[in-house]
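Report on the structure given below.
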Amino acid sequence: MTDDTPDDPDGEAQRARTLRETVDPTTATDDEIEALCALLDGRHGRSDAHAALSQISSHPNCTRRVAVALQPYLVHETRRTRDEALDMLTWIARTDSDALDTTVEWLLEHLDTEDEHMRDTSVIALEKLAEAEPVLLRPHVDALIGSLDDDAVRANTISLLSTISHAYPEAIAPARDELVALSADETTDASAIPSPLGTVALVRPEIIDPVVEMLREDLAAAERDQARIGIGSALGRIAVAYPETAPMVVEELLTLAETDPDDRSPDIDRSVVLSFLGGIGVAHPEAVVPELDRLRALLDDDNRMVRSSAVETLGNIATVRPAAVRPAIDDIVARFDDTSEDLQFDVVTALGKIAAADPEIAPRIVAKLHDWFEGDTAEDEAVGSDATGYGVFDLTGSVEDENAATHDDFEWQLQEDIIRAYGRIGAATPDALDPVMDEIRARLADEDLSAEAAAALGDIGGVRPEAVAPAVEDLRELLAEGPYWNRKAAASALGTIGAADLEVAELVVDDLQHRLADSNYRVRVAAAEALGTIATTDSDVAARVSEEVQLLLDDDEWKVRAAALEALGQMGAADRDTAERVVEDLQTGLRDTDSDVRPSAANALAAIGVAQPALTGTTVEALESRFECDEEYLFVRSSIAERLQALNTAHSDAVTVSDTELQRVADADVNLVVE
């Protein structure tokens, strides 16, 4: 008797099911692992084979063996099979990168093979794995740099160095002169060079001038959207790190944004590089504010995405220079009449930022947002036209006729964004929201908008708890039942309000404590964060809940572990007994397998070190040790540098690393995205 079928003559599906059901993941043999890997290449049974291998690889005694068995499939002739193998190894990279050292070495050996397929697929696999965990290539950086003089592997070497440059600019820095020289070599494919050189320049100021000149030339010569975006990003990050370059970079990026696209796609590069000006403007407004008239002109650009980026950038600049943006407010509001729904969302977000930064204009913006929330399309009187010297909201309706019949999902998203803008405004200028407070509270009963309403009430209640007091019981009901997004939003809101009002805190701590065991990880995150926030003003909370929060350090979800670490840091700062109990766990968090968790551990240790002098030495030692770790990523080291600076400010001479070195690393991690 056979399990073969006409559709599956070799019985692959049955074999895969049998192996999945019978193989013990904790004791799988090499033969069983190889049999499952072979099924990835079949037409049937791939899902069962994939599931079984995933289970097996999660056990420490099997992970490396699964990785080795999958190696040949990374260079398989069939793309589907390669992708299956690479997906599994990418997951292993994120959970146990040490298990892939043999696999990475095996792939690197193929960089100089004459077999083009083997070489190209090996490079693709290395890039994908290094994107997941750059540490996989860290031990090989010196060898890669040494390969730059080899014509046969140079292009692939540059590509791999580019992939990890954001994580290890210091390690790649010895290649700076050679990379600069190669960028000028017409016989070399230099398309990948701007990324590593731009990042290395952030930690090596001596090469700023030649790198900037190279990037400017490359930007002018680039023919592809993605190339221009990459070069623009490199220039933008340099402008943030080195203010003296900012005016020149602003000119380059604005010129590109203003350029007639001709036969190029106008939907990508012009809009993206324009958005970089927001990040530069927030860091160095003096470099962007003189060019605001040019930014305003781009609000009328023919391309929707450029108009959107102009709105976004003006909103971001307003967060640091609100008065400078006032003359553009009418122009921004007018863009709400645009035929693009996405642009209308951008207008709402920008106005929320402007109002939060500018109390004088906030009431007028709140009134306009309220009109849009209600779907008012009647002709409006100019808002504040009798009193302003910087323009009015002179609109003739909130939507064009052809957009009047909108879809429910558009109306819902627009109202969500407006409520989110209310929250931003309320956190800075709560009095401006008095006319719409009842409206926000009423939306707690709206199943589509309740989560955003809860979040906004939390933002407002953090600075004006009495204004949201009538909504506290409604928020507690949301926390107790309903979909996870309501529980999450309610937890966050109650934490913020409770920190501002100890009577509310006393009401909600038990509710939040119960949610630490919520079935949804997002709610566990919010509950931990909320309890940590309350602990900053009520030290008794630490003794009540810190042990339960500690249990979350073993959670499978990295965001939960990160939230727990942050909360324990806040609790430890408020309560010495808690600090002494958790400090060892926080040090362990500095070595979490997920790099996104480690900055939270650094934040927590620093909070305790600042507030608890008896533990300052312990926390500084742990942070300095991780700061000096060669394998640590730049963004983590930058976070640690900032925390060590805070410790040194609170306890002079506690930190042994020089402030110059700390500042250099802190400044090197540049993010052009403005929240």
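Readers should treat all values here as calculations from the given coordinates under stated rules, not as data from a laboratory. The shown structure was predicted, so the numbers you read here are calculated from the model rather than taken from an experiment. Note that we place each Cβ from the backbone using ideal geometry, even for glycine, and neighbour counts take in every protein chain shown.
A few points about this structure:
- Cut-off 20 Å (backbone N to label point 7 Å along Cα→Cβ of R304), residues of the stretch 328-353: 332-351
- For the stretch 12-132: rounded, prolate or oblate by the Cα gyration tensor [a/c cutoff 1.5]: oblate
- Residues with amide H under 5 Å from that of G375, placed H, sequence gap 5 or more: none
- The modelled label-to-label distance between N671 and E186, using points 7 Å beyond Cα along the C-beta direction, is 4.3 nm.
- Legend: calculated FRET efficiency, D577 to M118, from the Cβ-Cβ distance at R0 = 60 Å, rounded to 0.05, equals 0.50.
- Once C-alpha pairs closer than 8 Å and six or more residues apart are averaged by separation and normalised to the residue number of the chain, the relative contact order reads 7 percent.
- Computed from label points 7 Å out along Cα-Cβ, the spacing between T78 and T339 is 4.7 nm.
- From the coordinates shown, Cα Rg over 2.2 N^0.38 Å corresponds to which of (i) 1.07; (ii) 1.20; (iii) 0.93: (i)
- The Cα atoms of the stretch 472-618 give a gyration tensor whose axes a ≥ b ≥ c have a/c of 1.5 or more with a/b no greater than b/c, which makes the shape oblate.
- Computed lengthening from D151 to E661, 0.36 nm per intervening residue step minus Cα-Cα distance: 179.9 nm
- Ordering C62, C629 from the fewest to the most neighbouring beta carbons within 10 Å gives C629, C62.
- Potential extension, E258-S58 segment - 0.36 nm per residue separation minus Cα distance: 66.8 nm
- Stretching A297 away from S47 to a fully extended chain increases their span by 84.6 nm, per 0.36 nm per residue minus the current alpha-carbon distance.
- Helical content alone sets the calculated 222 nm signal of the chain at -20000 deg cm²/dmol, taking -39,500 (n - 2.57) per DSSP H segment of four or more residues and averaging over every residue.
- Whole-Hz Karplus values for the stretch 179-188 come out as 5, 4, 5, 5, 5, 9, 8, 5, 8, 10 Hz, taken residue by residue from phi with 6.51 cos²θ - 1.76 cosθ + 1.60 and θ = phi - 60°; glycine and proline positions read x.
- Where labels lie 7 Å past Cα in the beta-carbon direction, separation of A442 and L502 in nm: 3.7 nm
- Nearest-0.05 FRET efficiency for D431 and D30, computed from C-beta distance (R0 60 Å): 0.30
- Per-residue HN-Hα couplings for the stretch 295-308 [Karplus 6.51, -1.76, 1.60; θ = phi - 60°; Hz; x = Gly/Pro]: 5, 4, 4, 6, 5, 9, 4, 5, 8, 4, 5, 5, 4, 4
- Each of S600, S638, S658, S97 has some number of other Cβ atoms within 10 Å of its Cβ, and from fewest to most they run S658, S97, S638, S600.
- Order of L433, L197, L254 under a 10 Å beta carbon neighbour criterion, fewest first: L254, L433, L197
- Paramagnetic reach from A646 (point 7 Å along Cα→Cβ, amide N under 11 Å) across the stretch 576-609: 600-609
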